[in-house]
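Every number in this text was worked out from the coordinates using simple rules, so none of it is lab data. Quick caveat: nothing in here was measured; it's all calculated off a predicted structure. In this analysis, Cβ positions are derived from the backbone assuming ideal geometry, glycine residues included, and neighbour counts consider all displayed protein chains.
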Amino acid sequence: MNGILYTGRSGLDALQKRIETISNNIANMNTAGYKKVDQSFQELLKNKIGELGTPLTEELEAEDPAIGGGVRVTEPYRVFDQGTLSPSSNPLELAIDGNGFFGFENGDEILFSRAANLSVNEEGELVDSNGRNISVEDEEDLNDYDKSSVIINKMGEIFAEDEDGELESVGKIILYDVENRENLKDAGAGYYRVAEGEELLDSEDEPELFGTINQGYLEMSNVAIEKEMIDLMILERAYQLNARSLEAADEMWKMTNNIR
């Protein structure tokens, strides 16, 4: 019965963590650039029944039977599948159609993000809603240009009208990626931090590998609400069944303790 209690408890713990992960995905289904979090279940080491002191027949001893020791969930991981690109009324909102990430300056490091809600700050630089500069090569001071005329093409090249109404190149947005996305760590607010020692890849050499930039669009979350709701219902049912197994084990203990 100890085994039943332990197995049931581990199941409840694993299911609760998985339910919390799915609930967080559902809560962020309308968050631009959000990438869903997933997990999987792993069986814990099995225990050989013969080593637990349970008497066995010769036939069963030959089969060396084992009983499950419970279950746990893996560490949560991000699924970086692309979300739907949705038109935006803000021409300085950008979305990537492809694999790359926008880079935002954070002191000496570059933070990754799939969402770029930009504006022009007092220094004439393109910054996001948190005031972080987006990575731009050969950036010009946009205060010297008509800021309402900014055009960003699919390769990230930025153009703006000068005082004579002529379009001039004022910089180029750089996209980034890494070899192993499993090493990207959440940095909060839709940013991802590159693990120490991970090499940064950028779009300067092979831009076609990083995707294209779409001006006036935002990438929506990649959460499929139908799938998340079905998974949530299955998990809640499994949670109820595990809870009943603990109730049954508790009743068995009561019966055993009442035997005189």
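General observations
- 3J(HN,Hα) from dihedral phi, the range 195-203, Karplus parametrisation 6.51/-1.76/1.60, rounded to Hz, x for glycine, proline: 4, 4, x, 6, 7, 7, 9, 10, 8
- Helical contribution to [θ] at 222 nm, DSSP H n ≥ 4, -39,500 (n - 2.57), averaged over the chain, rounded to 500: -8500 deg cm²/dmol
- For the range 166-260, the list of GluC sites (Glu not before Pro) that fall in a loop by DSSP and count at most 16 other C-beta atoms within 10 angstrom reads 166, 179, 196, 198, 199, 204.
- Distant-in-sequence amide contacts of residue 31, defined by a placed amide H-H separation under 5 Å and a gap of 5 or more residues or a different chain, comprise 221.
- A Gaussian network model of the chain, with springs between Cα atoms under 10 Å, assigns the largest mean-square fluctuation among 72, 237, 193 to 237.
- Between the Cα long axis of helix 225-257 and the first principal axis of the chain there is an angle of about 30°, rounded to the nearest 10.
- Panel order for 112, 101, by other beta carbons found within 10 Å of each beta carbon, from fewest to most: 112, 101.
- Positive minus negative residues near residue 13 (Lys, Arg vs Asp, Glu; Cβ under 13 Å): +3
- GNM flexibility winner over the chain from 22, 96, 225 (Cα, springs under 10 Å): 225
- Crossing angle, helix 2-27 versus the chain [Cα axis fit, 0-90 degrees, rounded to tens]: 20 degrees
- Cβ-based net charge around residue 221, under 9 Å, with every Lys or Arg adding one and every Asp or Glu removing one: +1
- Cut-off under 5 Å, modelled amide H: who pairs with residue 129 long-range: 117
- Listed residues 175, 85, 246, most fluctuating in the chain (Gaussian network, C-alpha, under 10 Å): 246
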